[in-house]
Amino acid sequence: MTMTMEKAQLNNQSILQNFGLVEEIDEQTAEIISGGKSKKFTIKNNTTNAIDYTIDDVKWNIAPGGTNNIYTDYSGKVSFDKDTRANEINVGRESLKDGQNYEFKLDAGNPDIINLSKI
């Protein structure tokens, strides 16, 4: 009797299921285990300064007037220094939403502060 590869795989899966080693999981559980679906964001820099920032702890840089298209399999948490002055640190943190567009721009009331806004 000849056993095809497909039949052998089904036979092995059946044996493992009988031992309780394999269990089907639903799609939502699979997303949780894998880290979820990939998310996409677009970030524009509407300032005159290059901006360093991180998304999910990965470093990025965006040139003045530039646009970055970003894909992540993680949460989409961004952090950046909101203060343009060299010796001042004012950390900004945001959680970006999938499929949204954002821009860095100077604060209208204080040109030393950078804001990240949804557009």
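Summed over region 80-119, residues that are more than 19 Å from Asp57 (Cα to Cα), aliphatic (A, V, I, L, M) and assigned to a strand (DSSP E or B) total 3. Within the set Ile32, Ile43, the sole residue that is under 19 Å from Ser95 (Cβ atoms), modelled with pLDDT of 95 or more and not polar (S, T, N, Q) turns out to be Ile43. When the test is whether a residue is under 19 Å from the mean Cα position of the chain (by Cα) and in a loop (DSSP other than H, G, I, E, B), Tyr74 passes it.
For (1) assigned to a loop (DSSP other than H, G, I, E, B); (2) of a type outside the set (A, V, I, L, M); (3) under 23 Å from Ala108 (Cα atoms), each residue gets a yes or a no:
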{"residue": "Lys59", "(1), (2), (3)": "no, yes, no"}
{"residue": "Pro64", "(1), (2), (3)": "yes, yes, yes"}
{"residue": "Ile70", "(1), (2), (3)": "no, no, no"}
{"residue": "Val78", "(1), (2), (3)": "no, no, yes"}
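One residue stands out among those in region 66-76 that are open to solvent by less than 60 Å² (accessible area, probe 1.4 Å) and of a type outside the set (A, V, I, L, M, F, W, C): the one that is farthest from Asp98 (Cα to Cα), which is Gly66. Screening Leu96, Leu16, Leu21 for residues that are at pLDDT below 95, out of contact with any strand residue (DSSP E or B) (no Cβ under 8 Å at 6 or more places or on another chain) and open to solvent by less than 80 Å² (accessible area, probe 1.4 Å) leaves exactly one candidate, Leu16.
The values are calculated or read from the model by the stated rules, or taken from the named source; none is laboratory data. Computed from a predicted structure; not experimentally measured. Positions of Cβ are backbone-derived with ideal geometry, glycine not excepted, and every protein chain shown enters the neighbour counts. Note: areas computed on protein heavy atoms with side chains; ligands, DNA, RNA excluded. Shrake-Rupley method; radii C 1.70, N 1.55, O 1.52, S 1.80 Å.
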